[in-house]
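Chemist: Let me begin by handing over the structure; questions about it come next.
The values are calculated or read from the model by the stated rules, or taken from the named source; none is laboratory data. Keep in mind it's a predicted model, so treat the numbers as computed, not measured. Cβ sites come from the backbone with ideal geometry, for glycine too, and all protein chains shown count toward neighbours.
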């Protein structure tokens, strides 16, 4: 089985693994402005249909059916599908539409085929297609394909890859004694809670650069670039075992320059808080301890701290070269 990443993102705008063009990443971006043009629902539906048509054609041509729903998660009040349910060709378009619109999430798999859904409209497929074949099929539907291991399905023959690593980044913007937090809704990982002002999962080509990942996420979610920041530093690197995954979190802090401000984010509600207020806010487990440590200790130093998360909290130690 060969594995590929398939996206709508033109590779000419990808520089050193970082996608540099400001584009929509989900249906929630309808109504936002990109390149001085408002992104409309009609444009979204056209792009969505291209992805659905591509995946249906790929599955049909590769003889993938029936596909099985794996790790199903419903994000709404109505649960339309079931974990373990088998999907026939007639059912696939509706399921794909629901996943692409963030109404649910799952993996679709058969013995020698899979469809995995990443964040920000990234797709990962496993199939028998050659690289030339997958690129041609993707191009037919206005998409781009390149060889890449799915984060949810590493190549079992490559011993350097493990199926249970989830590297993530987050950035906390400060201004004096205040910190900017994002109330994030509907995330598969952190639940409905306050997180850094931007953040997300590393793409495979960002594994060696947490800074590149967090700056990409910041621009995609808030429109800010590094030009708006002073003293950007990674301050915490933590590790936690959760749901069979080793979750690696890299927390950055930076000061937001006075001439820049934020009114909204496409990922949730942004709000400034006094550092004395954050202890009472709902936050992801590890992030809660990171912020508590930062308020008490971290903001008074320039150290990088490593943290190991247990059910009793996080043990922090300064990381020093030796």
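Chemist: Hey, among the residues in the range 277-303 that are out of contact with any helix residue (DSSP H, G or I) (no Cβ under 8 Å at 6 or more places or on another chain) and part of a loop (DSSP other than H, G, I, E, B), which one's surrounded by the fewest Cβ atoms within 10 Å (Cβ to Cβ)?
Modeler: 302
Chemist: For the condition over 24 Å from residue 75 (Cβ atoms) and at pLDDT below 80, what is the one hit in 259, 255, 157, 245? Outline the logic, then answer.
Modeler: Details: 259 fails: at pLDDT below 80; 255 fails: at pLDDT below 80; 245 fails: over 24 Å from residue 75 (Cβ atoms).
Just one listed residue meets the conditions, 157.
Chemist: Let me ask you something else. Scanning for something surrounded by 14 or more Cβ atoms within 10 Å (Cβ to Cβ), closer than 26 Å to residue 216 by Cα and modelled with pLDDT under 90, does the range 64-77 turn up at least one residue?
Modeler: Among the residues of the range 64-77, at least one is surrounded by 14 or more Cβ atoms within 10 Å (Cβ to Cβ), closer than 26 Å to residue 216 by Cα and modelled with pLDDT under 90, which makes the answer yes.
Chemist: Name the one entry in 240, 188, 184, 269 that is in contact with a strand residue (DSSP E or B) (Cβ under 8 Å, 6 or more places away or on another chain) and at pLDDT 85 or above. Show your work before the answer.
Modeler: Working: 188 fails: at pLDDT 85 or above; 184 fails: at pLDDT 85 or above; 269 fails: at pLDDT 85 or above.
Criteria check complete, one pass: 240.
Chemist: How about the range 48-63: which of its residues are under 14 Å from residue 121 (Cα atoms), free of Cβ contacts under 8 Å to residues at least 60 places away in the same chain and crowded, with 16+ Cβ neighbours inside 10 Å?
Modeler: Matches in the range 48-63: 48, 52.
Chemist: Those residues that are more than 21 Å from residue 49 (Cα to Cα) and out of contact with any strand residue (DSSP E or B) (no Cβ under 6 Å at 6 or more places or on another chain), I need them from the range 74-113; list them, please.
Modeler: 76, 77, 78, 79, 82, 84, 111, 112, listed by residue number.
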